[in-house]
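Contents: one structure, followed by commentary.
The values are calculated or read from the model by the stated rules, or taken from the named source; none is laboratory data. A quick note: this is a predicted structure, and the numbers were derived from the prediction, not measured. Every residue, glycine among them, receives a Cβ derived from its backbone with ideal geometry; neighbour counts consider all protein chains shown. For the accessible areas, the whole protein counts, side chains as well, though only heavy atoms, and no ligand, DNA or RNA atoms are used. Shrake-Rupley method; radii C 1.70, N 1.55, O 1.52, S 1.80 Å.
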Amino acid sequence: MPKTATPPIPVTLLTGFLGSGKTTLLNRLVRQPDMDRTLVIINEFGEIGLDHRLFSATDETEVVALESGCLCCTIRGDLARTLRDAPWRYAREGRRQFDRVVIETTGLADPAPILHTLMTEPRLIGQYRLDGIVTTVDAVHGSATLDHHAEALKQAAVADRLLLTKADLAPLEALAALARRLGEINPGAGQRRVIQGEIEASALTGLGLMGADGTRPDLARWIDAYAQPPSLAGLAFSAGPTAAGPLLTPVSGDASDPARDPNRHDDCIRAHCFTLDAPIELGRFEAWLELMAALMGENMLRIKGILNLAGHERPTVIHGVQHIFHPPVELDAWPDEDRRSRLVFITRDIPRESLESVLVAVS
């Protein structure tokens, strides 16, 4: 009888700016039965680490502290080695003692390099899968933090879920304004208000492509949330009619007026949603992505997509962070009757017109 492949271990990246309550949140989470058998990796910055000493582990939780550096720069190798060795290092009688991983970053960490490690390290790709990015935002100081710290803005922009912490300490008007702003920065990330770190673990898991059970794709949450009305107005595209024409051509809708663009926010970070009606020629699409990555680099914050490739019966999923792409994944079947390709680009300082102009250049 053939041996059943071991499913990848889900990884949750917990990020958020300094003082936004990540450690408090983790302390509450690991006491819940749904977080049993969790490996928690805490990144500490400085010669003397404190966060892991403030963390109250349970018998069902393993805690690893990566000290004296930041995961997004100096100790990415430590993270890769820790994840690579964890299944045997944290094992008893030859059996792994954890079923999921939570990585807590420092408050100043850029999430992108950490995601690059998960997406490009050969020995991690089949062993782990990104289950979601959770970002904590201080409800009291969040707006000022977003104004003055680019790291906080990026942390919010790439999140799959946003947690507004210390919600009981902020005036309702300020809390509502922050929620609206975060909704403009990242229209696809669900928001939850959190008081003293209390939230059910199930709200922070199953945020990736494969959903809570890890076997079936949940595209409605993973990608379609970015394209709900009115976000599609002026941002949907269909396949061009000829080989000489552009791969995508605009459909109805007027996005020329910035005041009418529902994905415009903070004058720098925007979500661009595209829909393609006809199957895509793989070579042309790859050329487009390569050119965009080369020209736009770090300003291409995150890309998600489900593609109907010409000559393929099954859908292909892509996921990129800046210029790095996870190996494409072909799903077993389309989740429904909709066979259109859908793409979401979260960008910084890149207007929609620039994406279109690069597209035309390779068409």
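Tabulated data
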read-out	value
Largest-first ordering by accessible area, 1.4 Å probe, given options His319, His326, His141	His141, His326, His319
Options Ser341, Ala293, Leu309, ranked by Cα towards positive dipole end of segment 293-362, top entry (Cβ charges)	Ala293
Paramagnetic reach from Asp332 in segment 276-313 [backbone N under 18 Å; point 7 Å along Cα→Cβ]	313
Asp99 paired with Asp36, simple spin-label distance in nm, labels 7 Å along Cα-to-beta-carbon	0.8 nm
Estimated distance in nm for a label pair at Asp85 and His149, the labels positioned 7 Å out from Cα along Cα-to-Cβ	3.1 nm
